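**Student:** First the structure, which I've put down as structure tokens, then a few questions once you've had a look.
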Amino acid sequence: MERAEQFFPEKEVISRTLGGVSTFTYREIGKRTRRLASALADLGVNRGDRVGTLAWNHHRHLEAYFAAPGMGAVLHTINIRLSPEHIVYIINNAEDKVLLVDEDVWPLVEKVRDQLKSVEAFIIMTDSQELPDSEDSSLYSYEQLLEKGDERFEFVKDLDENEPAGLCYTSATTGNPKGVVYSHRGIVLHCFALGLADTAGLSEEDRCMPVVPMFHVNAWGLPFAATMLGTTQILPGPQFTPKLLADFIESEKVTITAGVPTIWLGLLNELESGSYDTSSLRAVLCGGSAAPLGMIRAYETKYKIPFLHAYGMTETSPLVTVSKLKSYQADLNEEEKLDVRAKQGLLVPGLEMKVVGEHGEVEWNGEDMGELMLRGPWIANEYFRDERSEEAFRDGWLHTGDVVTVDKEGVIKIVDRTKDLIKSGGEWISSVDIENTLMAHEAVFEASVIAVAHPEWQERPVACVVLKEEERDRVSKEDLMAYLKPQFAKWWLPDDIVFLEEIPKTSVGKFLKRSLRDQLKDHLAVK
Ligand code: ADP
């Protein structure tokens, strides 16, 4: 933040809130951040205390990103899409002292307020100065607090680089969410990693729009890195639509944006129905779940928008791999290039990996599968106050739970999560491969392949497919089966294809396979 104030005071942060779109310079953001830090100190926030946020991507959230760590406190971003029970668990587990809450998220927090054990003050992030309920003594208006704050507040100078700066809980597909602590050191080194030409190459020249929420792995670290580099930031705010993103890309000349595949599928639909100038885009950073090859192809060939497929997780800050061609792969044909780019890519400098199968480390032959293990400066080494740490971080490595292959170039491909692999007659089937092939079909909007119990084979794959609206009467189950047949070994072919209106999704937009498995658990037994 100090660097942005010093060298890029006139560069801008464009922020959308419920009140509309406003522009701030880094000079202003710096002063507002210092005012916020001084206000937090006045409210009793001390070094090491957790400051929770429940907020969308906007300038106030960005200010909190720097105010809390800047004063030696810990920024705890809370996923607003989690269930109320999980939100209560997370806040109590983290012992947040203060919560910064968006105006439209406040009703959710208000409902569970009685169950929050540690919170002493709620700061409502609203455009208006006044709060409707001004009688409530633990409720504060963000802008009022800032007005009283000190814009010359000094950030702490004697921080140890290993002190905690951030905390984020994974969205928990099973059990309670697990907290991951980010150190100052990890966050800073991760910023450097995002700036490498061979990863995202983030730079001062960019106009960066993180669509991935700031409550999800620090919006992949982009707000930190962009501020460090003086990059223009475009923060799309609450309840955005694909149209709003497309409009922002055009009007703000966004050069790099980041989000999960669901976002890009939605944007693709929007680009197909409207007319937008997207020529400013140099990279769409896509991660969080596998980017379907068909989608990468559509973006690159039809819209000339370069796609960057990346992999990571909450435990890894998140950047782990980015998929780019090596210089000597330039003479591969277009399809071969796409095949490489649809894989998760190469490990970024600074990290170490190993892939362990049933018989130890696997060969790098693109076929042998094993669990990916990671370590390095921005890889967590424990969960916050959680007994599940021992299992996930044994032997000094993060056990990712992701099953991968590594090809001879060192490029990893995620085959599945350990819990989503389908075990049929003692052999593994990768649900991801079948999904990607289905999603490359022109009539298919989304596809998710799950394991369903089978009396003879233990498990068999069943595909859940959402067709594009205009194709719903035209394409049948048999058409899709005929399309899959030449592309897979016979025993990999799904036993059934079920058409759905929509695939249930997790709070961060990933396919919720657990819910599909519940829905279809007796599907093959009954048939
Ligand atoms: P959660 O664990 O709650 O789903 P995370 O964002 O931490 O939230 O998810 C990380 C997981 O997402 C990884 O372990 C991996 O399974 C999956 N993932 C992330 N990026 C990719 C990708 N590019 N391709 C396939 N899977 C991915």
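Nothing in this text is a laboratory measurement; each read-out follows from the coordinates by a stated rule. Just so it is clear, the model here is predicted, and its values are computed rather than measured. Neighbour counts are summed over all protein chains in view; Cβ atoms, including those assigned to glycine, are modelled from backbone coordinates with ideal geometry.
**Student:** Give me C464, C191 sorted ascending by neighbouring Cβ count inside 10 Å, so fewest comes first.
**Tutor:** On the way: C464 25, C191 22.
Ordered from fewest to most neighbouring Cβ atoms within 10 Å, C464, C191 come out as C191, C464.
**Student:** Calculate, in nm to one decimal, what W491 and E358 gain on full extension: separation in residues at 0.36 nm each, minus their alpha carbon distance. Let's see the in-between values first.
**Tutor:** Working: separation 133, 0.36 × 133 = 47.88 nm, distance 2.22 nm.
That pair, W491 and E358, stretches by 45.7 nm at full extension.
**Student:** Compute the long axis of helix 59-70 from its Cα atoms, compare it with the longest principal axis of the Cα atoms of the chain, and write down the angle in degrees, 0 to 90, nearest 10.
**Tutor:** 70 degrees
**Student:** To check you understand DSSP bridge types, tell me what percent of the beta bridges within the chain (both residues inside) are antiparallel, rounded to 5. Mind showing how you got there, number by number?
**Tutor:** Values: 49 of 88 bridges.
Percentage antiparallel, nearest 5: 55.
**Student:** Another one. Give, to the nearest whole percent, the P(r) tail of the chain beyond 33 angstrom, counting all Cα pairs.
**Tutor:** Numbers: 56647 of 138601 pairs.
Tail of P(r) above 33 Å: 41 percent of Cα pairs.
**Student:** Simple spin-label model, 7 Å along Cα-to-Cβ: K408 to E10 in nm?
**Tutor:** Between K408 and E10, the simple spin-label model gives 5.5 nm.
**Student:** Here's a follow-up. Report the Stokes-Einstein translational diffusion coefficient (µm² s⁻¹, integer) for segment 38-187, Rh taken as the Kirkwood radius over Cα pairs, at 25 °C with viscosity 0.890 mPa s. Before the final figure, lay out the partial values.
**Tutor:** Values: Rh = 15.6 Å.
The Stokes-Einstein estimate is 157 µm²/s.
**Student:** Here's another thing I want to ask about it. Angle between the Cα long axis of helix 261-273 and the longest principal axis of the chain, 0 to 90 degrees, nearest 10?
**Tutor:** For 261-273 against the chain, the angle is about 80 degrees.
**Student:** In whole Å and largest first, what semi-axes does the C-alpha gyration tensor of segment 108-200 yield when each eigenvalue is scaled by 5 and square-rooted?
**Tutor:** On the way: eigenvalues 199, 102, 42 Å².
The equivalent ellipsoid of segment 108-200 has semi-axes of 32, 23, 14 Å.
**Student:** Further, regarding this structure: Multiply the residue separation of R394 and A443 by 0.36 nm, subtract the distance between their alpha-carbon atoms, and state the gained length in nm to one decimal.
**Tutor:** Details: separation 49, 0.36 × 49 = 17.64 nm, distance 4.46 nm.
Taking 0.36 nm per residue and subtracting the Cα distance, the gain is 13.2 nm.
**Student:** For Cα pairs less than 8 Å apart in space and 6+ apart in sequence, what is the mean separation divided by the residue count of the chain, i.e. the relative contact order in percent? Display every interim value, and only then the final one.
**Tutor:** Numbers: 1094 pairs, mean separation 55.1, N = 527.
About 10 percent, as a whole number.
**Student:** For segment 439-527, how big is Rg over Rh, using alpha carbon atoms and the Kirkwood form of Rh?
**Tutor:** On the way: Rg = 13.2 Å, Rh = 13.7 Å.
Rg/Rh for segment 439-527 comes to 0.96.
**Student:** To test your reading of the geometry: what angle, between 0 and 90 degrees and rounded to tens, separates the Cα axis of helix 184-195 from the longest principal axis of the chain?
**Tutor:** 60 degrees
**Student:** If I stretch the segment between R472 and E151 completely, what's the gain in nm (0.36 nm per residue apart, minus their alpha carbon distance), one decimal?
**Tutor:** Working: separation 321, 0.36 × 321 = 115.56 nm, distance 5.81 nm.
Additional length available on full extension: 109.7 nm.
**Student:** Taking a cut-off of 13 Å between Cα atoms, list the aspartates and glutamates near K11, but don't count ones fewer than 8 places away on the same chain.
**Tutor:** Partners within reach: E28, E204, E205, D206.
**Student:** Report the dimensions of segment 485-527 along its three principal axes from the alpha-carbon atoms, largest first, rounded to Å.
**Tutor:** Answer, in whole Å and largest first: 35, 27, 17 Å.
**Student:** At a threshold of 8 angstrom on Cα-Cα distance, excluding pairs fewer than six apart, so keeping six or more, what relative contact order does segment 285-403 reach in percent? Write out the running numbers ahead of the final one.
**Tutor:** On the way: 179 pairs, mean separation 22.3, N = 119.
Relative contact order for segment 285-403 comes out at 19 percent.
**Student:** Treating segment 1-41 as a set of equal point scatterers at the Cα positions, no solvent, please give the Debye-formula log₁₀ I(q)/I(0) at q = 0.19, 0.30 Å⁻¹.
**Tutor:** -0.60, -0.94
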